[in-house]
1. Name, by its number, the condition in (1) more than 15 Å from the chain's Cα centre (by Cα); (2) surrounded by fewer than 14 Cβ atoms within 10 Å (Cβ to Cβ); (3) closer than 30 Å to T21 by Cβ that does not hold for S211.
2. Kindly provide the set of residues from region 172-196 that are surrounded by 16 or more Cβ atoms within 10 Å (Cβ to Cβ) and in contact (Cβ under 8 Å) with a residue 24 or more places away in the chain, ordered by number.
3. Residue by residue through region 106-122, note down the ones that are in contact with a Phe, Trp or Tyr (Cβ under 9 Å, 6 or more places away or on another chain) and surrounded by 24 or more Cβ atoms within 10 Å (Cβ to Cβ).
4. Of the residues that sit in region 137-161 and are closer than 14 Å to I193 by Cβ and of a type in the set (A, V, I, L, M), which one is surrounded by the most Cβ atoms within 10 Å (Cβ to Cβ)?
5. Let me confirm something: among L83, L76, which residue is on the phi < 0 side of the Ramachandran plot, outside any helix (DSSP H, G or I) and without any contact (Cβ under 8 Å) to a residue 24 or more places away in the chain?
6. Would you mention how many residues in region 22-31 are exposed (fewer than 15 other Cβ atoms within 10 Å of the Cβ) and either free of Cβ contacts under 8 Å to residues at least 12 places away in the same chain or over 18 Å from K196 (Cβ atoms) (or both)?
7. When region 51-73 is examined, which residues are found to be part of a strand (DSSP E or B) and either within 12 Å of F40 (Cβ to Cβ) or of a type in the set (F, W, Y) (or both)?
Amino acid sequence: MDHIKKWFYEKIANKTIEAFTKNGFKATYFETKEEAINHFIENAKNYESIGFGGSITVVKELKLVEEAKKLNKKVLNHGDPNLTPEERNQVRLAELTCDLFVTSTNALTIDGKLVNIDGTGNRVNAMAFGPKKTIIYTGINKVVENVDDGIKRIKNIASPMNAKRLNFNTPCAQTGFCADCNSPQRICRIITIIEKNPPLSDIEVVIIGESLGF
């Protein structure tokens, strides 16, 4: 059955990459995490400061923070548990103007759009403008038909799991379902849709043929 999945993932990825390319993005597909990690290493060599958006895919599954440290780069990771709240906010600000910003996306559409929902806004801001280059690593599981499906995916899949991961006191962290809440810890506060590569940004979308992240 693996060869059937491989065939299917390649078809989905190729159509999605074609759309992203038409929309002005750079776009690449790799079958495995290992290929994506090598892609990051080769790109990271060209930059001094590397910022990381909050991402299970990038930080936990691909372990790219560790790879950047091996290259002796200046690592900007606001998710570092050793940071104080003030230090964490300073790192968030520094990530906005780093040389290379690395993150994932909550959803991407088969017609070439990036769909994200953020709580604080630092991740989606850095995705759109600021860093010299942005690379977005994403599992094939996050490809959806359209923007509406992307928002539904985020609110009903990604957000409940992220709220649970962060131990936030929100209804979705308790029930697993979006309640469109007014919780002080609500993480669904900012919706961004990047339809075309912004003129002053260099965004590359890397799709990986595995189920990654939330």
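Each reported figure results from applying straightforward, stated rules to the coordinates on display, with no laboratory input. Bear in mind that the values here come from a model prediction, so they are computed numbers and not experimental data. Neighbour counts run over all protein chains shown; Cβ positions are idealised from the backbone, glycine included.
1. Of (1) more than 15 Å from the chain's Cα centre (by Cα); (2) surrounded by fewer than 14 Cβ atoms within 10 Å (Cβ to Cβ); (3) closer than 30 Å to T21 by Cβ, only one is false for S211: (1).
2. Scanning region 172-196 gives R186, I187, C188, I191, T192, I194.
3. Scanning region 106-122 gives N106, L108, L114.
4. The extreme case among them is I154.
5. L83
6. Total meeting the criteria: 0.
7. Step one: of region 51-73, the residues part of a strand (DSSP E or B) are 51-52.
Across region 51-73, the qualifying residue is only F52.
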